[in-house]
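FYI, it's all coordinate maths here, none of it is from the lab. Remember, it's a predicted structure, so these values are computed and weren't measured experimentally. All Cβ positions, even for glycine, are placed from backbone atoms using ideal geometry, and neighbour counts span all protein chains on display.
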Amino acid sequence: EHGQGTFSSSNGEEYVGKWKNGLRHGKGYGRTINPYGAKFLGDEKYVGEFMHGKEHGQGTFSYFDGRLYVGKWKNGLRHGKGKLTLPNKDEYVGKFKYGEFHGKGTFTWHGRSKYVGEFKDGGKHGQGTFTWSEGGKYIGEWKNDIKHGQGIETYGKGNFEGCNYVGEYKNGYRSGQGIF
């Protein structure tokens, strides 16, 4: 099977696009009808490029649960620059590696808090700045999604309002040398 073609199955899967050696290959549109009913928001759809039957290249994927990804794909996984919007309007814009946040990016919690910096395997890791909605800010090192290493924290509304801490963090807590 080579060239342009259409496929549909009894379980609700559809594909319209290019084929090569019997596999989706090139530009196409894939859709799976939502088998879960009202529990999820809609059908699952992918519009973009395929290679050897998998999403590969530039594409847009709408998930059953309302997530939307626009960006690069590699072997069926989010890989490269992209934007992932969650159903609650939280969003990540940045690099992905094998489906996970990885590299430089920005995660915004529905316009409230924001992290700008480095990610590894889906979590904050490396240098980054986290700004809380109440005005507090942490600029420094992260490890496995928590503050770890050297950092500067400015406290917003609430406990320690107007105070600063400059120093070391370990496993998310002020620890070691520092000035408060």
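Loop only by DSSP, 12 or fewer other Cβ within 10 Å of the Cβ. Give me the GluC sites (Glu not before Pro) in the range 109-180 that pass, ordered by residue number.
Details: sites: 118, 134, 141, 153, 161, 168; in loops: 134, 161.
Sparse-neighbourhood loop GluC sites (Glu not before Pro): 134, 161.
So what are the ³J(HN,Hα) numbers for the range 143-153, from phi and the Karplus equation (6.51, -1.76, 1.60; θ = phi - 60°), rounded to whole Hz, Gly and Pro as x?
With the stated coefficients, the range 143-153 comes to 9, 6, 6, 9, 4, 7, x, 7, x, 10, 10 Hz.
Mean shadow of the range 46-91, computed from the convex hull of its alpha carbons, in nm²?
Result: 2.9 nm².
Take the Cα atoms of the range 111-180, find their three principal axes, and give me the spread along each one in whole Å, biggest first.
Answer, in whole Å and largest first: 33, 33, 13 Å.
Can you list residues whose amide H is under 5 Å from residue 50's amide H, if they're 5+ apart or on another chain and H is modeled 1.01 Å from N?
HN-HN under 5 Å from residue 50: 26, 27, 28, 56.
What FRET efficiency would be calculated for the residue pair residue 11, residue 100, taking the C-beta separation as r and a Förster radius of 30 Å, to the nearest 0.05? Don't skip to the answer; put the middle values down first.
Working: r = 29 Å, r/R0 = 0.96.
Efficiency at R0 = 30 Å is approximately 0.55.
Using Cα positions and a limit of under 19 Å, work out the aspartates and glutamates in reach of residue 104, with same-chain residues fewer than 8 apart set aside.
Filter leaves 90, 91, 118, 121, 141, 145.
Compute log10 of I(q)/I(0) for the range 1-132 with the Debye formula, placing one identical point scatterer on every Cα and leaving out solvent, at q = 0.18 Å⁻¹, to two decimals.
The Cα Debye sum returns log10 ratios of -0.98.
Once you've got the Cα coordinates, tell me which of 72/120; 27/124; 95/170; 54/114 are over 29 Å apart.
On the way: 72/120 18 Å; 27/124 34 Å; 95/170 26 Å; 54/114 33 Å.
Result: 27/124; 54/114 exceed 29 Å.
Please state, rounded to one decimal and in Å, the Kirkwood hydrodynamic radius that the range 55-155 gives when every pair of distinct Cα atoms enters the mean of 1/r. Each step should come with its number before you reach the end.
Values: mean 1/r = 0.0714 Å⁻¹.
With all distinct Cα pairs of the range 55-155 included, I get 14.0 Å.
Any idea which of 126, 158, 180 is furthest toward the positive side of the dipole for the chain, if Lys and Arg beta-carbons carry +1 and Asp and Glu beta-carbons -1?
So the residue we want is 126.
Regarding the range 99-142, what's the average projected area of the Cα-atom convex hull, expressed in nm²?
That works out to 2.9 nm², a quarter of the Cα hull's surface.
For the range 1-124, with the dipole built from +1 on Lys and Arg beta-carbon atoms and -1 on Asp and Glu ones, taken about the Cα centre, which of 33, 98, 21 lies farthest toward the positive end?
Of the options given, the answer is 98.
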